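A.B. asks: Dumping the structure here so I can ask a few things about it.
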Amino acid sequence: MLDPLHHRRLVAASGYGELRMFQEAVAELEAIPPECQGVVPVLAAWVELYQTWQKWEEARSVAERLVELEPDEPNWVVALGYATRRSQGLVAAQQVLTRALERFHEVAVIRYNLACYAAQLGNVNQARALLASAVQRDRAFAQLAKSDPDLDPLRGV
């Protein structure tokens with residue numbers, strides 16, 4: 001468990017990241033002692049920072065560690081898929097989330113992201129089916145899908 005000072009550093013790092021003050025965010029996270037660097041809240045802060053900073057290989061590496069530490073948490077595999085897409089491409093990200101779908105069958109965001117990947121890879125029928133199953137599980141994805149450029153192939157754009 002993190003003490004209040006270390007928790008404050010996580011909050012400060014998040015704020016700096018939102019302000020795109022990346023070096024300041026790194027300084028806050030690096031000020032957390034080494035023995036706390038491997039705990040989930042600190043790793044999650046690193047993933048958030050790396051995603052905002054668009055340091056995709058670093059985000060992927062930390063997300064992999066989070067998946068190892070908390071294999072039952074679908075958010076980490078979603079973060080891994082996102083970072084993998086940006087660092088290694090759509091096919092690699094699709095492989096990550098396809099494997100995750102076996103474990104997290106009912107998680108709508110995994111299906112939604114797979115729909116986006118399928119659409120971008122030209123697999124329109126697969127994308128439609130995945131999108132429909134994502135919307136069935138979470139209606140919020142219906143609205144998001146209307147403007148998501150990844151799904152332009154489904155709209156004939």
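The values are calculated or read from the model by the stated rules, or taken from the named source; none is laboratory data. What you are looking at is a predicted structure, and each value in this text was computed from that prediction instead of being measured. Positions of Cβ are generated from backbone atoms using ideal geometry, with glycine treated the same way; all protein chains shown enter the neighbour counts. Ligands, DNA and RNA are excluded from the accessible area calculation, which covers all protein heavy atoms including side chains. Shrake-Rupley method; radii C 1.70, N 1.55, O 1.52, S 1.80 Å.
A.B. asks: Out of Tyr50, Tyr16, which single residue is touching a helix residue (DSSP H, G or I) at 6+ places or on another chain (Cβ under 7 Å), closer than 25 Å to Thr84 by Cβ and open to solvent by 20 Å² or more (accessible area, probe 1.4 Å)?
C.D. replies: Tyr50
A.B. asks: Just checking, how many residues over segment 122-143 are within 13 Å of Arg111 (Cβ to Cβ) and open to solvent by less than 80 Å² (accessible area, probe 1.4 Å)?
C.D. replies: 13
A.B. asks: Another question, if that's okay. Please pick out the residue among Leu5, Leu29, Leu10 that is surrounded by fewer than 12 Cβ atoms within 10 Å (Cβ to Cβ) and assigned to a helix (DSSP H, G or I).
C.D. replies: Leu5
A.B. asks: Within segment 90-100, can one find any residue that is open to solvent by less than 60 Å² (accessible area, probe 1.4 Å), in contact with a helix residue (DSSP H, G or I) (Cβ under 9 Å, 6 or more places away or on another chain) and closer than 30 Å to Glu28 by Cβ?
C.D. replies: yes
A.B. asks: Take the residues in segment 102-157 that are basic (Lys, Arg) and over 18 Å from the mean Cα position of the chain (by Cα), then tell me which one is farthest from Ala92 (Cα to Cα).
C.D. replies: Among them, the one singled out is Arg139.
A.B. asks: Follow-up question, since we're still on this one. Which pairs turn up if I take residues in segment 30-49 that are closer than 15 Å to Ser14 by Cα and look for partners that are among the polar types (S, T, N, Q) and not in a helix (DSSP H, G or I) with beta carbon separation below 9 Å, at least 6 apart in sequence or on another chain?
C.D. replies: Qualifying pairs under 9 Å: Glu30/Gln37; Leu43/Gln37; Trp46/Gln37.
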